[in-house]
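Worksheet: one structure, shown below.
None of the figures in this text is laboratory data; all of them are computed from the coordinates on show. What you see is a predicted model; the values in this text were computed from it and never measured. Every residue, glycine as well, gets a Cβ built from its backbone with ideal geometry; the counts of neighbours run over all protein chains shown.
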Amino acid sequence: METVLIPVAIVSGLGLIFGIILSYVSVKYEVKADERIEAVRDVLPGANCGACGYSGCDGYAQAVVDGASITLCPVGGAGLVDSLSEIMGTGGKASEKMVARVMCNGTWDKVTIKFDYDGILDCRSVSTMAGGPSSCVYGCVGMGCCEKVCAFDAIVVENGLAKVIESKCTGCEKCVAECPKDIIKMVPARSQYAVVCSNEEKGAVARKNCKVACIACRRCVKECPQQAISIVNMRAIIDTSKCDNCGKCVEVCPTNAILKCGILCD
């Protein structure tokens, strides 16, 4: 009996000694977590959209405590910047709110349809087929990939055209990265007018392919009192930093390629 108890006692004693040593070491050399990480995480919106450049809100919370800018989250807006500034004890100014906008207005009834498509609803796949079913190879193909990646239900596809509900848009830019035609652009939320056309063909060809295409007639350029419009690659472009939302360009556009858009128009 003693031959069994002695080894058990020795092993138990060693276990007790090692346990005490490990407990002491863990307390002595404990790396305490920065309480600010949890505080930052609590005020972040929790969208985990990655627009800040980090792997979700947890990653951004750690980055903020490590010194990253507190203005990188487009979802939280100015209120979040104020909260993070208070937690971190630093100053910070929220950047201007940006929203996504589809620079195309070519619904199925406004373009010529080259072929009927019956296949996988994927914009990139459809775009490889002669640029898509629409006669305008620069326009939206309407398969809704941008709608699928939007985590905020800010995009709808109707009549072959994607539209951003700008009052819901958080500016995460996922739709911008998803669009194979590169026709979704980020614009200041304050901007109410846009040339919703991305066609780079000459006027007659552009108009033949789409009834509402910009034909680079320059009427809007001449009419704009702020000199905020220029012709680039055969289409009008509005410089939002100069535009004062007067709307005079809309009045003179012969093809209705310029529309009043924006949050106030949703």
With springs connecting C-alpha atoms under 10 Å apart, model the chain as a Gaussian network and identify which of 105, 256, 199 has the largest mean-square fluctuation.
256
Return the subset of 222/242; 110/208; 110/185; 114/181; 211/242; 211/248 for which the Cα-Cα distance in this structure is over 19 Å, preserving the input order.
110/185; 211/242; 211/248
Length-normalised contact order for the chain - Cα pairs under 8 Å, 6+ apart - percent:
15 percent
Take residue 69 and residue 252, extend 7 Å from each Cα along the Cα→Cβ direction, and tell me the distance between the two endpoints in nm.
3.7 nm
Choice from 141, 111, 205 with maximal GNM fluctuation in the chain (Cα, 10 Å cutoff):
205
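Show me the three semi-axes of the equivalent ellipsoid for segment 35-88, from the C-alpha gyration tensor (sqrt of 5 times each eigenvalue), largest first, rounded to whole Å.
On the way: eigenvalues 39, 30, 19 Å².
The three semi-axes for segment 35-88 are 14, 12, 10 Å.
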So the pair-distance distribution of segment 93-137, from every Cα-Cα distance in 5 Å bins, comes to percents of 5, 17, 21, 21, 11, 6, 6, 6, 4, 1, 0
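Can you give the calculated 222 nm mean residue ellipticity of the chain, where each DSSP H run of n ≥ 4 adds -39,500 (n - 2.57) and the sum is split over every residue, rounded to the nearest 500 deg cm²/dmol? Could the numbers behind the result be given before it?
Numbers: 10 runs with 90 residues, N = 266.
The helix-only estimate for the chain comes to -9500 deg cm²/dmol at 222 nm.
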Find how much the distance from residue 159 to residue 41 grows on full extension, using 0.36 nm per residue of separation minus their present alpha carbon separation; answer in nm with one decimal.
38.4 nm
Given 25 °C, 0.890 mPa s and a Kirkwood radius over Cα pairs, the Stokes-Einstein diffusion coefficient of segment 165-262 in µm²/s is 174 µm²/s
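What's the local net charge at residue 127, with K and R +1, D and E -1, over the other residues with C-beta under 11 Å away? Mind dumping the intermediate values first?
Working: positive: 124, 181; negative: 122, 182.
Computed value for this residue: 0.
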Once the cut-off is 34 Å, how many percent of the Cα-Cα pairs in the chain end up in the long-distance tail?
40 percent
What ranking of 116, 109 emerges when the number of other C-beta atoms within 10 Å of each C-beta is taken as an exposure proxy, fewest first?
116, 109
Find out how many positive minus negative residues lie around residue 146, taking Lys and Arg as positive, Asp and Glu as negative, among other residues whose Cβ is under 14 Å from that of residue 146.
0
Local electrostatic count, residue 245, Cβ distance below 12 Å [Lys/Arg +1, Asp/Glu -1]
+3
Contour excess over end-to-end distance, with Cα ends at residue 82 and residue 223 and 0.36 nm allotted per residue
46.7 nm
Residues in segment 98-115, backbone N under 16 Å from the label point at residue 239 (7 Å along the Cα-to-beta-carbon vector): list them, ranges by number please.
none
